[in-house]
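Readers should treat all values here as calculations from the given coordinates under stated rules, not as data from a laboratory. Bear in mind that the values here come from a model prediction, so they are computed numbers and not experimental data. Here Cβ is always computed from backbone atoms with ideal geometry, including for glycine, and neighbour counts include all displayed protein chains.
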Amino acid sequence: MSATAFKPVTRFAALLAGLGFTMMSLAQAPAGGPPAGGGGPPGGMPSPADQAIEYRKALFTVIAGNFSPLGGILRGNSKFDANVLKRAERTAMLATMVPEAFPDISKTGDTKAKAEVWTDTAGFAKVSQDFADASNNLLAVLRKNNADSAEFRDAAGKVGESCKGCHEKFRAR
Ligand code: ASC
């Protein structure tokens, strides 16, 4: 192969760099890429590990943004309103996304996730499933009776307990 064979690739890489990408980030290379938690190449995109952690935090931000108002009803901080069912639907859907938000590459970096997430995989699978089950139960309760009932309070309380159960075991303070 002559050196000229590489020219189009080099030009492509230069184009990507201009757009803030690298060949590596395009390929989503998990291993052998920028060091985990290292922030990635200077001036470039975050490393795959940092991107995965960023994604996870975003997921939990949206989960909390939807569920916290329901917890607030139980604590007397907010009122049951027309948004409750919608928030419960979102929480149940988002709960299904939790397990995949903890890929192996995201163990280290700017995260409170404990190593146990990846060592006690059965335990983590269980608390993730508890959250999904409790969220689905809350949704079922609201679909039957979309009101501030004792059943709603019990079901929403169980979702909150599932959040807490995972945080106590798998999230650093
Ligand atoms: C929420 C929220 C959590 C849980 C937790 C329950 O609304 O954002 O992290 O409930 O506080 O104990």
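Calculated FRET efficiency, Arg153 to Thr119, Cβ-Cβ distance, R0 = 30 Å: about 0.25 to the nearest 0.05. Taking a cut-off of 17 Å between Cα atoms, list the lysines near Lys126, but don't count ones fewer than 8 places away on the same chain. Cross-link targets: Lys114, Lys158, Lys164, Lys169. For Lys57, the aspartates and glutamates whose Cα falls under 13 Å of its own Cα, not counting residues fewer than eight places away in the same chain, are Glu100, Asp110.
Proximity of backbone amide H atoms, modeled 1.01 Å from N, is registered between Arg171 and Lys114 at under 5 Å, excluding neighbours fewer than 5 places apart on the same chain. Phi angles of region 153-167 translate, via the Karplus equation with coefficients 6.51, -1.76, 1.60 and θ = phi - 60°, into HN-Hα couplings of 5, 5, 5, 5, x, 5, 5, x, 5, 5, 4, 5, x, 6, 4 Hz per residue; Gly and Pro are given as x. Modelled spin labels at Lys169 and Ser68, positioned 7 Å past Cα toward Cβ, are 2.5 nm from each other. Report the calculated FRET efficiency for Asp110 and Glu161 (r = Cβ-Cβ distance, R0 = 25 Å), to the nearest 0.05. E between Asp110 and Glu161, to the nearest 0.05, is 0.35.
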